[in-house]
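Everything below concerns the one structure shown next.
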Amino acid sequence: MATYSPSTHCPSSSAYSNNSSLINRIHQRTTFPSIPRKGFRPTKLYLHQSSNGVSVSNAVHVQDGAKSMKESPVESDGPVKILKDGILSVPPVTPPEESIDVASFDFNKDKSTVSITVVGASGDLAKKKIFPALFALYYEGCLPEHFTIFGYARSKMTDAELRTMVSKTLTCRIDQRENCGEKMDHFLERCFYHPGQYDSPENFLELDKKLKEHEAGRVANRLFYLSIPPNIFIDAVKCASSSASSAKGWTRVIVEKPFGRDSESSSALTRSLKQYLDEDQIFRIDHYLGKELVENLSVLRFSNLIFEPLWSRQYIRNVQFIFAEDFGTEGRGGYFDNYGIIRDIMQNHLLQILALFAMETPVSLDAEDIRNEKVKVLRSMRPLRLDDVVTGQYKSHTRGGVKYPAYIDDKTVPNDSLTPTFAAAALFIDNARWDGVPFLMKAGKALHDRRTEIRVQFRHVPGNLYNKNIGPGLDVATNELVIRVQPDEAIYLKINNKVPGLGMRLDRSNLNLLYAARYSKEIPDAYERLLLDAIEGERRLFIRSDELDAAWSLFTPVLKELDDKKIVPEYYPYGSRGPVGSHYLAARYKVQWGDVGDVGSQQ
Ligand SMILES: NC(=O)C1=CN([C@@H]2O[C@H](COP(=O)(O)OP(=O)(O)OC[C@H]3O[C@@H](n4cnc5c(N)ncnc54)[C@H](OP(=O)(O)O)[C@@H]3O)[C@@H](O)[C@H]2O)C=CC1
Ligand SMILES: O=C1O[C@H](COP(=O)(O)O)[C@@H](O)[C@H](O)[C@H]1O
């Protein structure tokens, strides 16, 4: 049974199909348009699932007018229905003897409010992603009616200065709708700033005071977004929890990666966080889980009959997870040098995608059921061996008269740094479904293009009648499913086809779902989805501590060995395809990287 109190109205967020989320979404949109009797205003609904969907078993109503706000449960006189657009029709119940005039009753009085504090508001991520995502949610009508946004950092800034800073990053990217400028102004009016130290309980108390002023006596829910370097996470959490957490509503904290550098430091971070927060208050963000095509992975797998039966060692030859950026670490060298590409991309983003790709069917789409399956598959994996890893680092390269820098040219990076900016790895899942199937990962900075893809290469057709038409490269002519996460989001399937004409020549073609051609709506940024979920308490896309432990267990031994043995990375020119070693690694498992020579989904 789920209890809920009226909160947000988000017309575009009805995409979830699991029942608990459906309850949330329906609730957001519950507007009680037809209060059945004077004086009957349900303030809470007890929603439960039934075979017919969601129904209301009990409503609590306000009785006897505004002054005596007694709440008492009432039975509905008939079934509660969900009408079109998620509006609940609550059938009449017997009215009280004395009823009040609905028009004079202040229904907003006891509504809750959400205060979002961006800790580290002066920083890169806050400007680039968090404020724009909050604005997009506001624009789409996804934020609750009562909300306030506070920026918090050490930099001295006034509210007006914060607004100026934030306004530079906001865009009206969502369609070409009207009143965007006006909406921006309204949004900015609800943004405030409080300067303070991250380890000062006094400064957080001052913040608390300001938050309370804005919350105006409503039930206050508070979300803190830690957009700060990891070495100050705990200071900030300690102060936020002791001096600025909500007395009556919920308090949640979004924690940005990196969640440690290895198993030990990650466990220590979790232990420290749990001194001040419960696990269900901690929202560990991996923004790749908020990307549209990553969200779609489960839909593709579990709602299409043609895929799930093929999803095993029986039909799949190998799976590839490819991340490439065509720019280096410029500006982030200081952070990056302490982490490297394996920690920055593989251990989190790519491994999370792998877990979603390879997990067994969850019992339901509830957060815990999905995360249980992810943990299971991660724990079935073999820890990565040094032999199965190739590392690289970009070096300076001049092209078209332009000189591109080496990684170590960054002033914040030591000249003798061995930190990998590229890595390729072969991983294995020792369970019945995936026994022997190589899961290859490749991630790199300063490569020749920018893309993130999942490539599924299928086995060849046994006894294929058309072998002679295909020729010796049998494995090259097998089916390949490509899920291009970015850019130009697409899902395409490579198939063999007869070239039209009198001869019998086979050709490889793509069955192609290119999002830009199929859907006119712009795809929301991952941070929008994740922020909305955190506000709504939906944990499905956030990392649970046992998932994190399992993920670190796979990579910690090899990371330690790379450090201890001071393994020298293979140097590759800025803007190239990366170290050739990655091809040798793939070849050892009879794999060819699918991105090489693929002209993509445009054909
Ligand atoms: N930037 C990005 O693209 C991504 C960032 N992340 C993660 O998000 C978090 C924030 O990233 P980002 O915005 O780039 O970080 P920044 O380096 O920009 O830091 C954010 C703010 O924290 C304060 N700060 C910086 N260094 C220190 C320090 N040594 N001691 C105390 N305060 C400091 C500064 O604010 P002030 O001086 O005003 O207090 C700064 O504006 C990090 O954990 C990062 O790993 C994750 C994914 C991508
Ligand atoms: O977490 C990180 O992600 C970005 C890439 O994110 P994207 O959404 O732009 O693909 C990466 O550049 C950065 O190094 C890493 O820390």
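The values are calculated or read from the model by the stated rules, or taken from the named source; none is laboratory data. Here the structure is a predicted model, which is why all the values come from computation and not from measurement. Cβ: placed from backbone, ideal geometry, glycine included. Neighbour counts: every protein chain shown. The protein model used for the area step is the full one, side chains on, heavy atoms only, and it has no ligands, DNA or RNA in it. Shrake-Rupley method; radii C 1.70, N 1.55, O 1.52, S 1.80 Å.
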Accessible area per residue, 1.4 Å probe, Å², for the stretch 488-530: what's the number?
-> 61
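Go through Lys127/Lys156; Lys565/Lys590; Lys212/Lys248; Lys395/Lys445; Lys128/Lys291 and tell me which ones have a Cα-Cα distance over 18 Å in this structure. Don't skip to the end; give the middle numbers.
On the way: Lys127/Lys156 16 Å; Lys565/Lys590 28 Å; Lys212/Lys248 12 Å; Lys395/Lys445 11 Å; Lys128/Lys291 16 Å.
Long pairs (Cα-Cα over 18 Å): Lys565/Lys590.
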Using the Cα centre as the reference, give the magnitude of the dipole from point charges on the C-beta atoms of the stretch 272-337 (Lys, Arg: +1; Asp, Glu: -1; all else neutral), rounded to the nearest 20 debye.
-> 380
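If you roll a 1.4 Å probe over the stretch 356-431 with all protein chains in place, what percent of the accessible area is carbon or sulfur? Intermediate results must be reported in sequence, preceding the final value.
Working: 1820 of 3500 Å².
Percent of accessible area from carbon and sulfur atoms in the stretch 356-431: 52.
Give me the percent of the accessible area of the stretch 134-284 that comes from carbon and sulfur atoms, probe 1.4 Å, all protein chains in place.
Values: 3240 of 6770 Å².
C and S fraction of accessible area: 48 percent.
Averaged per residue, what accessible area in Å² does the stretch 309-467 show with a 1.4 Å probe, protein chains only? Walk me through the numbers on the way to the answer.
On the way: 6230 Å² over 159 residues.
Normalised by residue count, the accessible surface of the stretch 309-467 is 39 Å².
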When the accessible area of the stretch 467-562 is split by element with a 1.4 Å probe, what percent falls to carbon and sulfur?
-> 55
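Taking a ≥ b ≥ c as the square roots of the eigenvalues of the Cα gyration tensor of the stretch 202-242, is the shape rounded (a/c under 1.5), prolate (a/b larger than b/c) or oblate? List each step's numbers first, then the result.
Values: a/c = 2.85, a/b = 2.02, b/c = 1.41.
Cα axes put the stretch 202-242 in the prolate bin.
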Mind checking the full-extension length gain between Lys566 and Lys156? Use 0.36 nm per residue of separation minus the Cα-Cα distance, one decimal, nm.
-> 143.4 nm
Excluding residues fewer than 8 places away in the same chain, name every one of the aspartates and glutamates whose C-alpha is closer than 19 Å to that of Lys468.
-> Asp507
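Please work out how much length the chain gains when fully extended from Lys111 to Ile306, using 0.36 nm per residue of separation minus the C-alpha to C-alpha distance, in nm with one decimal. Spell out each step's value before the answer.
Working: separation 195, 0.36 × 195 = 70.20 nm, distance 4.68 nm.
That works out to 65.5 nm of additional length.
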Mind ordering 560-567, 485-492, 145-152 by average Cβ neighbours within 10 Å, highest first?
-> 145-152, 485-492, 560-567
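Compute the accessible area per residue over the stretch 118-169, keeping the other protein chains in place, probe 1.4 Å, unit Å².
Numbers: 1880 Å² over 52 residues.
I get 36 Å² per residue for the stretch 118-169.
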Taking the mean number of other Cβ atoms within 10 Å as a proxy for protection, how do you rank 545-553, 426-434 from highest to lowest?
-> 545-553, 426-434
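Using 0.36 nm per residue of separation minus the Cα-Cα distance, give me the extension gain between Val461 and Ile232 in nm, one decimal. If you can, show how the numbers build up before the last one.
Details: separation 229, 0.36 × 229 = 82.44 nm, distance 5.51 nm.
Taking 0.36 nm per residue and subtracting the Cα distance, the gain is 76.9 nm.
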Label-point separation, Leu386 to Thr169 (7 Å along Cα→Cβ), nm = 4.1
